[in-house]
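The values are calculated or read from the model by the stated rules, or taken from the named source; none is laboratory data. Predicted model only: the values in this text are computed from it and were never measured. Heads up, the Cβs are rebuilt from the backbone with ideal geometry, glycines too, and the neighbour counts pull from every protein chain shown.
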Ligand SMILES: *[C@@H]1O[C@H](CO)[C@@H](O)[C@H](O)[C@H]1NC(C)=O
Ligand SMILES: *[C@@H]1O[C@H](CO)[C@@H](O)[C@H](O)[C@H]1NC(C)=O
Ligand SMILES: *[C@@H]1O[C@H](CO)[C@@H](O)[C@H](O)[C@H]1NC(C)=O
């Protein structure tokens, strides 16, 4: 009899612990309603507010810190973001390597220490706290696949000072040195090394149970030590797939992986191990459509494949058009309307929108390292900045759609077929309808949404949240919209807008 109450109280305690863990951790469902601002910590803002020159071609630290991010959270929040993704936080290889300094954070050396260039453990906790006070989330970038040490000899295989690579410290914790030579051979992709002889990325032996368990414990502690809400996981396809489920379970928060590939069937299985992936297959279709006149219909095709093949469809993917590894869109095209159309994409489909810092300032950097500009020379300009306003409107529209329609986050984006399918796209995600074109500012494209699409009734007024201009369906409920200078349009029914709301109040027909 004595045992009964004891067991019961233990059970209650366990239940309480479980409940508190559920409240504290941020699973994928809590991320879908958010949008993410991606930051290269070294290039975003200095803790003392100064603006030193930053020669990006030198590939050296320019001085950005976690304190710098804390000081600029108003700027990020004003755009409507409620999550940030910061570059990797752990201690990296120090000094000038063959590839410059490790300012980007992807060259881990000691995973149990933080990168002192970005601040102290207290600074990182302060960032996490400052975000949580604003009901914002912290996503941290992490690398499992490799660590980095500068070779100490160039005879083959190369020598390294393994004692620098903590907590691993020996060649037996890494795969034997070989550089990936055959991307069609998955064993080669997983067990050979990224990098090159000047700067090899030592490939962790994720087939070794001791090493694997070290990584599982590490991620659990890291998430807990810094109250991390989500993880962006680097080079995921370079680690065997069955490593990831237990890793994600130990992380206990939303995980989104980098699987750098343009192919949905290849990428799809990784959405079973992690919560989801950065949607690279769709990215490539979007990038081609907007930078080289590629066929817009390819975007619809890729998304439809992804909706069918990814675990959770495309609801948990990270949706983006720029990041630290690819040339910025304005480095290829100068037409403002095309840039604006491309920027719109991540906000109007199923995935979680991600904006890469600097997009809102019209940054034009090409391939790495040019696409990792310092943001401070922009003065964090929010006034008379149409791109900043564009991002604000997109975030506001998405938030509005989520609030006004509980089904928004659970309804698949649908493409309404268009006669100029190669240069226009009509994406319906009720209550939003996004009309995109890659035709450019002299475009005379138009979109038609027949009444049979089931979206609108007769004589219905729709408001473009990007301009607050209105359009109407005809007496039969068909919608015909002309492009205005090739700009994107994001339409919402005027009856859903409120005259006391913050979104195009002057055009509202709702309560
Ligand atoms: C695939 O790559 C592994 C590792 O490099 C190698 O041992 C194996 O021979 C390769 N298989 C084929 C079929 O080429
Ligand atoms: C596995 O890794 C551990 C350290 O993580 C190492 O001590 C051990 O020697 C490795 N085992 C083999 C067979 O290489
Ligand atoms: C739509 O507007 C036309 C022209 O004003 C009008 O004749 C028609 O009755 C309206 N239809 C509906 C359903 O309100």
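Is there a residue being without any contact (Cβ under 8 Å) to a residue 40 or more places away in the chain, surrounded by fewer than 21 Cβ atoms within 10 Å (Cβ to Cβ) and under 27 Å from residue 290 (Cβ atoms) anywhere in the range 484-500? The answer is yes; a qualifying residue exists. Screening residue 350 with (1) surrounded by 23 or more Cβ atoms within 10 Å (Cβ to Cβ); (2) not in a loop (DSSP other than H, G, I, E, B) gives one miss only, at (2).
Here is a yes/no grid of residues against (1) under 23 Å from residue 329 (Cβ atoms); (2) under 28 Å from the mean Cα position of the chain (by Cα); (3) surrounded by fewer than 21 Cβ atoms within 10 Å (Cβ to Cβ):
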| residue | (1), (2), (3) |
| --- | --- |
| 418 | yes, no, no |
| 427 | yes, yes, no |
| 465 | yes, yes, no |
| 506 | no, no, yes |
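The sole residue among 426, 397, 389 that is free of Cβ contacts under 8 Å to residues at least 24 places away in the same chain and part of a helix (DSSP H, G or I) is 389.
What number goes with the only condition from (1) surrounded by fewer than 20 Cβ atoms within 10 Å (Cβ to Cβ); (2) in contact with a helix residue (DSSP H, G or I) (Cβ under 8 Å, 6 or more places away or on another chain); (3) more than 26 Å from residue 321 (Cβ to Cβ) that residue 95 does not pass? Here residue 95 clears every test but (2).
Return the residues of the range 134-167 that are over 30 Å from residue 72 (Cα atoms), in contact with a strand residue (DSSP E or B) (Cβ under 8 Å, 6 or more places away or on another chain) and away from ligand 2 (no atom under 13 Å from the Cβ); say none if nothing qualifies. 145, 146, 148, 149, 150, 151, 152, 153, 158, 159, 160, 164, listed by residue number. The set of residues in the range 168-201 being within 16 Å of ligand 2 (Cβ to nearest atom) and either part of a loop (DSSP other than H, G, I, E, B) or touching a residue at least 60 places away in the same chain (Cβ under 8 Å) (or both) consists of 168, 169, 170, 175, 176, 177. Screening residue 434 with (1) in a helix (DSSP H, G or I); (2) touching a residue at least 40 places away in the same chain (Cβ under 8 Å) gives one miss only, at (1). Can you confirm whether residue 169 is farther than 23 Å from residue 274 by Cβ, away from ligand 3 (no atom under 16 Å from the Cβ) and more than 28 Å from the chain's Cα centre (by Cα)? Yes; evaluated as a whole, the condition is true for this residue.
Listed here are the residues, each with its yes/no results for (1) surrounded by fewer than 18 Cβ atoms within 10 Å (Cβ to Cβ); (2) in contact with a strand residue (DSSP E or B) (Cβ under 6 Å, 6 or more places away or on another chain); (3) farther than 25 Å from residue 279 by Cα.
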site	(1), (2), (3)
173	no, no, yes
184	yes, no, no
240	yes, no, no
243	no, no, no
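For the range 136-171, taking the residues that are within 16 Å of ligand 1 (Cβ to nearest atom) and surrounded by 12 or more Cβ atoms within 10 Å (Cβ to Cβ), the one that is farthest from residue 204 (Cα to Cα) is identified as 157.
May I ask you to verify whether residue 318 is without any contact (Cβ under 8 Å) to a residue 24 or more places away in the chain and not assigned by TED's automatic domain parsing to the domain that holds residue 434? Spelling it out, it is not the case that residue 318 is without any contact (Cβ under 8 Å) to a residue 24 or more places away in the chain and not assigned by TED's automatic domain parsing to the domain that holds residue 434.
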